[in-house]
Structure formats: structure tokens, C-alpha cells
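Enquirer: Dropping a structure here in C-alpha cells format, bear with me for questions.
The values are calculated or read from the model by the stated rules, or taken from the named source; none is laboratory data. Model, not experiment: these values are computed from the prediction. Quick reminder, even Gly has a Cβ in these numbers, built from the backbone with ideal geometry, and neighbours come from all protein chains shown. Calculation scope for accessible area: heavy atoms of the full protein, side chains included, ligands and nucleic acids excluded. Shrake-Rupley method; radii C 1.70, N 1.55, O 1.52, S 1.80 Å.
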Amino acid sequence: ICGAAVEKYFAIEPIEKKEYYRLSPAQKRLYILQQMSPRGTAYNMQQVCVLEGELNREILERTFNAITCRHESFRTSFIMVNEEPVQRIRDHIKFTIEQSTADSSGVTFISRLKRPFDLARAPLLRVLLEKAGDKKYILGVDMHHIISDGISQAILFQDFMALYRGTLEELKYRYKDYSAWQNSERGKEAVKQQQQYWHRAFAGDIPMLNLPVDYPRPRVQGFEGSAISFDMEAGETRGLKDLAKKEGTTLFIVLLAVLDVILAKISGKEDIILGIPAPGRRHMEINTD
């Protein structure tokens, strides 16, 4: 791409076994956020699916135990050592699937699944199984974001299906290797350059988005909210895709621009700051854990 920055490739190297390992910047950020609200569940990530047919719970539990053996993240806990947060990886843990029954009091399956994690206790993974009828089950998986992201969830599902049927090849790299790579001198230099960029971008007064809503902005950040879904006509979708192609960008960027315009119209502000999720997996060797 014309004008794009050029980055050098630095290979990730497996590191030696230690009692504790340094956190990546992303882990450190999530650790601090969780300590600010220890009983919060804003950074819990859930997946729920319906299983139909004969279910062998023993094989199911054995599969999840195999997954915890395969991925160190599920054997990782986070503690403070010498006033610095670190991660500790256990060699083995015994994982048990929690059995759930339908709650007549109105408590939903998600509410029973989504509970606070203690970051000092591994695994930061919870699996809940509930019988929903004859040969029908609800399976829920809850993980803390400090050990997982959206790509991790896809990898977990792929590995689960493969292990349920057989075996998988050994992983070449672990997250602790990536964390050590980020904390190396080369990694620190790359982060430093990014910090300098964002310090310049947000120098001076940062615009605050105040929308004309029914409630005042709370003094403490909350995570209450909901999602509204809607369908678009095929012609509208085609028009947006054609616009993205014409402008040489993606459909996501077009929709983000539309949201920016809407917020600008509602708030009367010209400077709009929006945060968007990003996988952060720019290194080709870190898409397996």
C-alpha cells in the first residue's frame, strides 16, 4: 500500500521455563482494570451452544481437560510479585464441567454461567452444562479476557472438535513466548514508537462526547447496556459495498464513518473519538494460542 509504514520481521523464540513470567501490555491493562472492579464481569467472554443427540459427559470432560493441557492460558493465573503483576503457569490442573439445572426463579442460563473470576486462581475458564430436554443440552463456556480473545474462541472451538474426535499436533509457541517477545528490547522500541504517536494524537484537551440522553454521565464507568439488531435490504447492502469499493476501503470503515456522522449530528461536535476492537495479532506465529 502506497505510503504505508514498513515493519521488520522479528521471530518469536520459545523461552525457558520459569516460576513466573512477565505480562504482555494487554494482559497488564486487563489485570489493572479487573483489580479496579474485582467482582465485575465486564471482561468475561461467553459462548453458548445447543447440543443435540447422545452426549457422553466423560468424553466431553476429558476433551476439556485435554484442551487445558494443550493451551497454557487455561493453566495460567495472575498474582503480584515484588509489586509487579506476573503470570504463573501450572503444569497440570484438573478441570471439571459444572452441572446446571433450569432455574424456576427466572435466573437465566447466562447469569448462572457469567460469574466473577479470581485472577489468582486457574483455570480462568468455566464450562456449564444443562439438560434442556430429551437428548438436548445447553453448553456454555465462560473465559476471562485476560487469557482469551475473539480469535482464541475460534481456536478453542476448532481444537475442541479435533480433540473430541482424536488428537492435535503440539503447539510451537505459547503466549508466554509472545509476552517475552513484546517485553524484549525490540518489542519495547516498537511500543515506544506507538506511545509517542498516540501522545501526539491526544495532546491537549481531549473532546468528550456528551449525548442528549435521559441520564447524566455517571461518575464511575458502568457496562450496562443492550444491543439492537436490524436487517438491511439487499440493495442497501450492495450500495454500501459498492461505496467501499469505490473509496478503496472496507465495509467496516464505511459503517464506522456513518456512525461518526450520526454522533456528530446528535452531539453537535466535530471531533469524535471512537474505540474499536482489534485482535492485535499482527505476528504470523501467534494465531494458534
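Enquirer: Along segment 156-169, what does the Karplus equation 6.51 cos²θ - 1.76 cosθ + 1.60 (θ = phi - 60°) give for ³J(HN,Hα), rounded to whole Hz, x for Gly and Pro?
Expert: Result, ordered by residue: 4, 5, 4, 5, 4, 5, 5, 6, 5, 9, x, 10, 10, 6 Hz.
Enquirer: Same structure, new question: State the percentage of accessible surface on the chain attributable to carbon and sulfur atoms; use a 1.4 Å probe and exclude ligands, DNA and RNA. Don't skip to the end; give the middle numbers.
Expert: On the way: 11000 of 20260 Å².
C and S atoms contribute 54 percent here.
Enquirer: Give me the accessible area per residue for segment 153-289, probe 1.4 Å, as a whole number in Å². Let's see the in-between values first.
Expert: Values: 11430 Å² over 137 residues.
Per-residue accessible area for segment 153-289 comes out at 83 Å².
Enquirer: Using a simple spin-label model with points 7 Å from Cα along the Cα→Cβ vector, what separation in nm is obtained for Gln99 and Glu270?
Expert: 6.6
Enquirer: Near Lys131, which aspartates and glutamates are there with a Cα under 19 Å away, not counting those fewer than 8 places off in the same chain?
Expert: Here the aspartates and glutamates satisfying the reach criterion relative to Lys131 are Glu52, Glu54, Glu58, Glu61, Glu98, Asp103, Asp142.
Enquirer: Report the full-extension gain for the segment Glu236 to Lys136: residue separation times 0.36 nm, less the Cα-Cα distance, to one decimal in nm.
Expert: Working: separation 100, 0.36 × 100 = 36.00 nm, distance 3.88 nm.
Length gained between Glu236 and Lys136: 32.1 nm.
Enquirer: Calculate, in nm to one decimal, what Ala11 and Leu51 gain on full extension: separation in residues at 0.36 nm each, minus their alpha carbon distance. Present the calculation step by step, with values, prior to reporting the outcome.
Expert: Details: separation 40, 0.36 × 40 = 14.40 nm, distance 4.07 nm.
Length gained, Ala11 through Leu51: 10.3 nm.
Enquirer: What are the ³J(HN,Hα) values, in whole Hz, obtained from phi via the Karplus relation 6.51 cos²θ - 1.76 cosθ + 1.60 with θ = phi - 60°, for each residue of segment 233-246 in sequence order, with x given for Gly and Pro?
Expert: So the J values, rounded to whole Hz, are 5, 4, x, 5, 4, 5, x, 5, 5, 5, 5, 4, 5, 4.
Enquirer: Do any of Lys94/Lys114; Lys192/Lys245; Lys28/Lys172 go past 28 Å between their Cα atoms, and which?
Expert: Numbers: Lys94/Lys114 21 Å; Lys192/Lys245 34 Å; Lys28/Lys172 24 Å.
The pairs that break the limit, which is 28 Å between Cα atoms, are Lys192/Lys245.
Enquirer: In terms of solvent-accessible area of protein heavy atoms at a 1.4 angstrom probe, what is the ranking of Arg126, Arg62, Arg39, highest value first?
Expert: On the way: Arg126 20, Arg62 130, Arg39 185 Å².
Reading off the accessible areas and sorting them downward yields Arg39, Arg62, Arg126.
Enquirer: Could I ask something else about it? Nearest 0.05, what FRET efficiency do Glu61 and Arg217 give at R0 = 51 Å with Cβ-Cβ as r? Don't jump to the answer; show the numbers that get you there.
Expert: Working: r = 46 Å, r/R0 = 0.90.
Taking R0 as 51 Å, the efficiency between Glu61 and Arg217 is 0.65.
Enquirer: Related question: For the pair Glu189/Met80, report the inter-label distance in nm, with labels modelled 7 Å from Cα in the Cβ direction.
Expert: Between Glu189 and Met80, the label points sit 3.4 nm apart.
Enquirer: Per the helix-only calculation at 222 nm, which mean residue ellipticity applies to the chain, given -39500 (n - 2.57) for every DSSP H run of n ≥ 4 and division by its residues, nearest 500 deg cm²/dmol?
Expert: Details: 8 runs with 103 residues, N = 289.
For the chain, the value works out to -11500 deg cm²/dmol.
Enquirer: Follow-up question, since we're still on this one. Once the piece of chain linking Ile110 and Met161 is laid out straight, how much longer is it, given 0.36 nm per residue of separation minus the C-alpha distance between them? Show your work: numbers first, answer last.
Expert: Values: separation 51, 0.36 × 51 = 18.36 nm, distance 2.28 nm.
Length difference between fully extended and current span is 16.1 nm.
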